[in-house]
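Single-structure report; data block below.
The values are calculated or read from the model by the stated rules, or taken from the named source; none is laboratory data. Everything numeric in this text was worked out from a predicted model, so none of it was measured. Don't worry about glycine lacking a Cβ; one is built from the backbone with ideal geometry, like all the others, and counts go over all protein chains shown. Protein only, heavy atoms only, side chains kept; ligands, DNA and RNA dropped before computing areas. Shrake-Rupley method; radii C 1.70, N 1.55, O 1.52, S 1.80 Å.
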Amino acid sequence: MSDSKPSTHNHILVYPLASSGHFIPLLDLTRHLLRHGLTITVVISAANLPLLDPLISSHPASLHKLLLPDPPVDRSLSPHPLIAKVTATRQLFDPIVRWFESHPAPPATVISDFFLGWTHDLASYLGIRHVVFSPSGALGYSVFHALWRDVLQIKALHGGEKDDENFVLSFPDIPNSPGLHWWQLSQVWRGYKEGEPGYESFRKGVLDNMTSWGFVFNTFEGLEGEYIDHVKKLIGHDRVWAVGPLLPDEHDRLGSTGRGGSSAVPPDDLLMWLDKKRDDSVVYICFGSREMLSEKEMGALTDALKRSNVEFILCVQASGSSLIPSGFEHEVGGRGFVVKGWAPQLAILRHRAVGSFVTHCGWNSTMEGVTSGVMMLTWPLGADQFTNAALLVDRLGVGKRVRDGGSESVPDSVELARLLEESLSVDRPERVRVKELSRAAIKAVKEGTSVKNLNTFRQAFI
Ligand code: UDP
């Protein structure tokens with residue numbers, strides 16, 4: 001253990017993973033904690049500083065940065081880019097210890113992203129509490145944990161290298177026994193090689209997460225109560241808090257329009273375009289910050305949009321925008337608004353004119369869509385997205401599947417055009433249910449379970 005001065009109870013070290021879907025919600029949690037008088041230091045590199053700066057400007061006395069360089073990524077530790085990137089962050093162990101030991105009032109807790117499981121060792125060394133933040137939902141996390149915990153048995157069951165796509169893996173100890181086809185399991189996990197340093201260190205981190213002092217989820221009990229209880233059972237204590245949806249206030253215009261990056265188009269242009277539309281009459285389409293459609297999938301989507309009569313906003317990240325067929329925007333004319341690059345997603349979803357959301361089902365998009373009360377058209381592509389899609393469609397009844405079938409399957413554009421139109425009809429049962437769930441989500445953070453849980457969590461820092 002480090003032999004420094006006693007740490008300061010109301011000072012927290014927050015350590016996000018530098019990836020939009022992980023960074024954004026942990027920054028949202030930071031904003032909530034700052035409102036309650038806590039002091040927070042965020043571990044960050046220069047490249048991500050623009051994301052933190054607006055929050056530092058509004059909390060100059062209580063929010064600080066621990067600016068550390070992006071550690072060099074050693075690809076010999078893992079051929080998988082994500083595993084290599086996560087493994088590289090471990091090089092920050094010593095710099096963080098040095099910062100802690102020289103700090104006049106060092107933190108008593110570190111809250112870190114669930115991929116950064118090695119921070120459990122860091123917290124033990126410093127003699128402070130470790131809290132895991134999960135940007136995935138509690139069901140997604142339960143599946144993620146089971147996959148890494150049982151990886152050797154599952155791979156043996158599946159037959160090692162044999163890549164049987166349709167093999168169904170079930171998780172009988174998780175409520176409602178979810179199941180996934182082999183092709184729906186994350187590519188990162190499928191690439192696991194026993195004994196490879198990067199993978200072994202990542203797996204150790206996942207297992208260490210379960211011995212942490214506490215866990216925070218960006219979800220709410222009305223949505224995932226049974227899965228939260230399952231995580232409590234796995235961990236063996238009750239310090240598991242569902243505090244979501246962790247979104248900026250509706251009135252926080254900058255919070256909604258500038259969240260996670262600057263918009264590729266002026267947000268006002270988009271919002272004014274939406275202002276002219278009827279309630280629940282526009283489809284919003286976005287596949288998150290990292291996922292890309294294949295050329296065939298983009299072809300099917302744009303063809304469906306041309307065939308249908310729906311008005312829509314299509315957001316494609318800059319690196320995939322060349323896949324949009326030439327002439328598409330001209331052909332759809334004023335019916336569609338195409339954003340090539342970062343879109344102000346939360347502000348779009350919150351607009352009364354948006355009625356449905358074609359989504360890859362990243363957990364943040366899932367929470368944002370549900371909270372905004374839009375019908376979900378699910379098109380999962382990887383990671384925890386197939387689990388999230390099943391939750392939305394099969395358990396919650398707030399969405400319909402756009403993409404089903406094997407890894408190479410591409411939606412049929414005629415069927416997709418029909419689904420797009422159908423998703424905007426007023427009396428769809430999914431719409432009725434998602435509006436109910438939206439009310440439950442808003443209640444949870446205004447006066448319900450999430451506020452209560454956040455308050456209990458905060459008590460730990462008083
Ligand atoms: N996002 C956004 N604009 C974009 C793309 C994404 O604001 O153009 C935000 C989105 O609102 C969400 C996050 O980025 O908060 C993406 O997280 P999610 O878990 O949905 O997916 P990921 O990008 O991690 O796959």
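Taking the criterion of being of a type in the set (D, E, K, R) and modelled with pLDDT under 95, would at least one residue in segment 359-377 satisfy it? Checked against the condition, which is being of a type in the set (D, E, K, R) and modelled with pLDDT under 95, segment 359-377 yields no hits at all. Suppose we keep only residues that are in a loop (DSSP other than H, G, I, E, B) and open to solvent by less than 20 Å² (accessible area, probe 1.4 Å) within segment 237-246. Which one would you say is farthest from the ligand (Cβ to nearest atom)? My answer is V243. Can you confirm whether H64 is open to solvent by 50 Å² or more (accessible area, probe 1.4 Å) and either within 24 Å of A105 (Cα to Cα) or not in a loop (DSSP other than H, G, I, E, B) (or both)? In short, yes. The set of residues from segment 302-333 being more than 16 Å from the ligand (Cβ to nearest atom) and among the hydrophobic types (A, V, I, L, M, F, W, C) comprises A304, L305, V310, F328, V332. Of the conditions (1) among the aromatic types (F, W, Y); (2) open to solvent by 10 Å² or more (accessible area, probe 1.4 Å); (3) within 24 Å of L27 (Cβ to Cβ), F337 satisfies every one except a single condition; which number is it? All conditions pass for F337, except number (3).
Taking segment 323-349 as the range and being assigned to a helix (DSSP H, G or I) and under 22 Å from L419 (Cα atoms) as the test, the residues that pass are F328, E329, E331, V332, G333, G334, R335, Q345, I348, L349. Residue count for segment 334-364 satisfying the condition of being away from the ligand (no atom under 12 Å from the Cβ) and of a type outside the set (A, V, I, L, M, F, W, C): 7.
Any residue in segment 213-236 that is within 13 Å of the ligand (Cβ to nearest atom) and closer than 22 Å to R352 by Cβ?
Residues of segment 213-236 that are within 13 Å of the ligand (Cβ to nearest atom), as a first pass: 218-219.
Still in the running and closer than 22 Å to R352 by Cβ: none.
The answer is no; no qualifying residue exists.
Total residues in segment 6-41 satisfying the condition of being closer than 22 Å to G258 by Cα, away from the ligand (no atom under 16 Å from the Cβ) and hydroxyl-bearing (S, T, Y): the figure is 2. Taken over segment 98-119, the criterion of being farther than 22 Å from A383 by Cβ and in contact with a helix residue (DSSP H, G or I) (Cβ under 7 Å, 6 or more places away or on another chain) is satisfied by F100, P106, V110.
Taken residue by residue, segment 131-138 has no member that is more than 19 Å from the chain's Cα centre (by Cα) and either open to solvent by less than 30 Å² (accessible area, probe 1.4 Å) or not acidic (D, E) (or both). For segment 249-291, a residue qualifies if it is part of a loop (DSSP other than H, G, I, E, B), open to solvent by less than 80 Å² (accessible area, probe 1.4 Å) and within 11 Å of the ligand (Cβ to nearest atom), and the qualifying residues are G258, R259, G260, G261, S263, A264, V265, F287, G288, S289, E291. Taken as a whole, the condition of being within 26 Å of L314 (Cα to Cα) and in contact with a Pro (Cβ under 7 Å, 6 or more places away or on another chain) does not apply to V410. Might you let me know whether segment 79-90 holds any residue that is outside any helix (DSSP H, G or I) and either open to solvent by 10 Å² or more (accessible area, probe 1.4 Å) or modelled with pLDDT under 95 (or both)? The answer is yes; a qualifying residue exists. Looking across G382, G362, G405, one residue alone is surrounded by fewer than 15 Cβ atoms within 10 Å (Cβ to Cβ) and within 21 Å of G140 (Cα to Cα). It is G405. Scanning segment 17-29 for residues that are over 13 Å from F457 (Cβ atoms) and buried (at least 19 other Cβ atoms within 10 Å of the Cβ) gives L17, S20, G21, H22, F23, I24, P25, L26, L27, D28.
Going through segment 365-395 one residue at a time, which ones are aliphatic (A, V, I, L, M), farther than 23 Å from L274 by Cα, within 13 Å of the ligand (Cβ to nearest atom) and touching a strand residue (DSSP E or B) at 6+ places or on another chain (Cβ under 8 Å)?
Residues of segment 365-395 aliphatic (A, V, I, L, M): 367, 370, 374-377, 381, 383, 389-393.
Checking which are farther than 23 Å from L274 by Cα leaves us with 381, 383, 389-393.
Now drop any that are not within 13 Å of the ligand (Cβ to nearest atom), which leaves 381, 383, 389, 392.
Hits for segment 365-395 are A389, L392.
Of the residues making up segment 443-459, those that are part of a helix (DSSP H, G or I) and either open to solvent by less than 20 Å² (accessible area, probe 1.4 Å) or among the acidic types (D, E) (or both) number 5. Do we have any residue at all in segment 106-119 that's in a strand (DSSP E or B), within 16 Å of the ligand (Cβ to nearest atom) and either farther than 23 Å from P25 by Cβ or open to solvent by less than 40 Å² (accessible area, probe 1.4 Å) (or both)? Yes, there is a match, as at least one residue in segment 106-119 is in a strand (DSSP E or B), within 16 Å of the ligand (Cβ to nearest atom) and either farther than 23 Å from P25 by Cβ or open to solvent by less than 40 Å² (accessible area, probe 1.4 Å) (or both). Give all pairs with beta carbons closer than 8 Å in which a residue from segment 65-84 that is in contact (Cβ under 8 Å) with a residue 60 or more places away in the chain meets a residue that is of a type in the set (S, T, N, Q); count only pairs at least 6 apart in sequence or on separate chains. Every condition considered, the pairs that remain are L77/T87; L77/S201; S78/T87; A84/S78.
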